[in-house]
Amino acid sequence: MNFLHRSLSAAAGREVGEGERARIKVDMALGHDGTAGKMLDAWEAAGKPAVANGRQVMITLDHQFPPPTMAARLLHRRLLTFASQQKIRLYSRGEGVLHQIVAEEVKPRPGLIMAGADGHVATAGAFGLAPSLFP
């Protein structure tokens, strides 16, 4: 079993094989103003009015800042309100881009399951490598 399957198995609480679907525990959910609106839409459609732990969610306003349209401004307000209500970390006003904030503040570690809607979030894996993997 490779590292990915071991990590997914640990998150699922059972052994997960190749090509198999599994419900897993996500340690950190990430979104930004380009994708977090869709995340909220899906959350609300599933009947999830609240997050279990706001410290496990991070949102940044970094792709449309300052908001170039009224729709973007309304999304920012929606995300700010949701983050405030749910005690979610939200970075705004030029505080940084999502993948860089993750690298600096989350302290990724081997086996941490992150669900992020940005291709650059995968860089967190480089910061979470186990020291024993280096010669």
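General observations
- Förster radius 30 Å - calculated FRET efficiency between Leu4 and His63, Cβ distance, rounded to 0.05: 0.60
- For the stretch 53-135, GluC sites (Glu not before Pro) meeting the loop criterion (DSSP other than H, G, I, E, B) and having at most 16 other Cβ atoms within 10 Å: Glu95.
- Built amide H within the under 5 Å cut-off of Thr60, gap 5+: Gly31, His32, Asp33, Tyr91
- Tail beyond 15 Å, pair distance distribution of the stretch 1-76 (Cα, percent): 67
- The stretch 1-16 and the stretch 52-78 have Cα centres lying 32 Å from one another.
- Each residue, Ala117 and Asp27, gets one label point 7 Å from its Cα in the Cβ direction; the gap between the two is 2.3 nm.
- Contact order for the chain, expressed relative to its length and based on alpha carbon pairs under 8 Å spaced 6+ residues apart, stands at 27 percent.
- Considering the stretch 35-135, its Cα convex hull presents a mean projected area of 7.3 nm².
- Note on the chain: GNM, Cα springs under 10 Å; of Arg21, Arg109, Arg77, the largest mean-square fluctuation is that of Arg21.
- Here Thr81, Thr35 are placed in order of increasing Cβ neighbour count within 10 Å, fewest first, which gives Thr81, Thr35.
- Largest mean-square fluctuation among Ala122, Ala103, Ala46, in a Gaussian network model of the chain whose springs join Cα atoms under 10 Å apart, belongs to Ala46.
- Sequence-distant lysines (8 or more away, or on other chains) whose Cα lies within less than 25 Å of Lys48: Lys25, Lys38, Lys87
- Amide H within-cut-off set for Ala115, under 5 Å, with H built and near neighbours excluded: Met28, Ala29, Leu30
- Given R0 = 41 Å, the distance between the Cβ atoms of Met70 and Val97 translates into a calculated FRET efficiency of 0.95.
FYI, it's all coordinate maths here, none of it is from the lab. Note that this is a predicted model, so its numbers are computed, not measured. As a convention, Cβ positions derive from the backbone with ideal geometry for all residues, glycine included, and neighbour counts pool all protein chains shown.
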